[in-house]
Amino acid sequence: MEGFNWENYSFEDLFGDDFDNYTYETELPVILPDATPCRPESMEFNKYAVVAIYSLVFLLSLLGNSLVMLVVLYSRVSRSVTDVYLLNLAIADLLFALTLPIWAASKAKGWTFGTLLCKVVSLLKEINFYSSILLLACISIDRYLAIVHATRTLTQKRHWVKFICLGIWVLSLILSLPILLFRKAIYPPYSSPVCYEDMGANTTKWRMVMRVLPQTFGFLLPLLVMLFCYGLTLRTLFEAHMGQKHRAMRVIFAVVLVFLLCWLPYNLVLVADTLMRIRVIKETCERRNDIGRALDATEILGFFHSCLNPLIYAFIGQKFRHGLLKIMAIHGLVSKEYLAKDSRPSFIGSSSGNTSTTI
């Protein structure tokens, strides 16, 4: 930028606090024309609050998702197709949770872990985002086939489920490749190092790619699939007055609802941020700071998703509670008399049999 004296301003003066936040930002924030650079508000207190939140989510997610994996893997005989999807969902959440201590440390002291770790933890976060909603979309399709069409074609064959899950992981990895390619440790002057995208001369083109990918394939299309499948599934359940089936679906609906509550606000704010950066919405310092704070808050809400599913299984899922108590009884942690009081739930489903069993 000719005619602008870069030495008169610190890095934070020029670029605000965007680099302190791990979001889907894909370029250096633009300096507003004919205006002084935006000066962000102090974020010192918020940084330490975020560190505390990240630590809490890490501990809850580590414990909860480990228990989910243990129960599902232990219950080989009664394991359903839906359980296989939920097992993969727990694995994705657990892998992401393992990166939270690193992100927490970077919030407090800046990115001091180098480019390799920057790429790895960013990739895990991105894969978690894609795989979670794609797995939920597959669960909705499985429920749709099992209840609306009462078919065994796809839902009863375990090997198909394994290939589908493998395909989801591969697709999530492919969609996450831009992050792996462009993420690196950046050492700006007058500021702490950051883990951020460096796209060189093709910033505008790659910025749109990096925004369109998560918004389209990572949220909008899977959401439409879920709305279609669960809409018809609910209609079928209510029309047939299948109360037992409806109760068996509570866990799945709760998982989907929690995912939307956690990630929909972030995606809506991200859309607003994208519109501002492509000049559809007028960009001002105040608006940029407001959107930046909203991205911070809604992203933390999204991070909470990684530890909430086990709580849903514990409070709503009878099978999960029974499986956990059974494991504890085998290892002498609870009495077998107490286990006998918790009678094994019956799972009423469709003609696809075991596929309607849920955790």
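The values are calculated or read from the model by the stated rules, or taken from the named source; none is laboratory data. Keep in mind that what you see is a predicted model, and the values were worked out from it rather than measured. Glycine gets a Cβ as well: all are built from the backbone with ideal geometry, and neighbour counts include every protein chain shown.
Worth a mention:
- On inspection, VAL170 fails the criterion of being surrounded by 17 or more Cβ atoms within 10 Å (Cβ to Cβ) and at pLDDT 85 or above.
- Every test in (1) at pLDDT 85 or above; (2) under 29 Å from VAL148 (Cα atoms) is passed by ARG247 save one, and that test is (1).
- Residues satisfying the stated conditions in the range 44-87, i.e. surrounded by 14 or more Cβ atoms within 10 Å (Cβ to Cβ) and outside any helix (DSSP H, G or I): SER75, SER78, ARG79, SER80
- Any hit, the range 344-359, residues being modelled with pLDDT of 60 or more and either touching a helix residue (DSSP H, G or I) at 6+ places or on another chain (Cβ under 9 Å) or surrounded by fewer than 17 Cβ atoms within 10 Å (Cβ to Cβ) (or both): yes
- Any hit, the range 280-290, residues being aliphatic (A, V, I, L, M), more than 21 Å from LYS107 (Cα to Cα) and buried (at least 16 other Cβ atoms within 10 Å of the Cβ): no
- Note on the range 140-152: residues that are of a type in the set (Val, Ile, Thr), surrounded by fewer than 24 Cβ atoms within 10 Å (Cβ to Cβ) and part of a helix (DSSP H, G or I) amount to 2.
- Yes/no for THR216 being modelled with pLDDT under 90, more than 27 Å from CYS138 (Cβ to Cβ) and exposed (fewer than 14 other Cβ atoms within 10 Å of the Cβ): no
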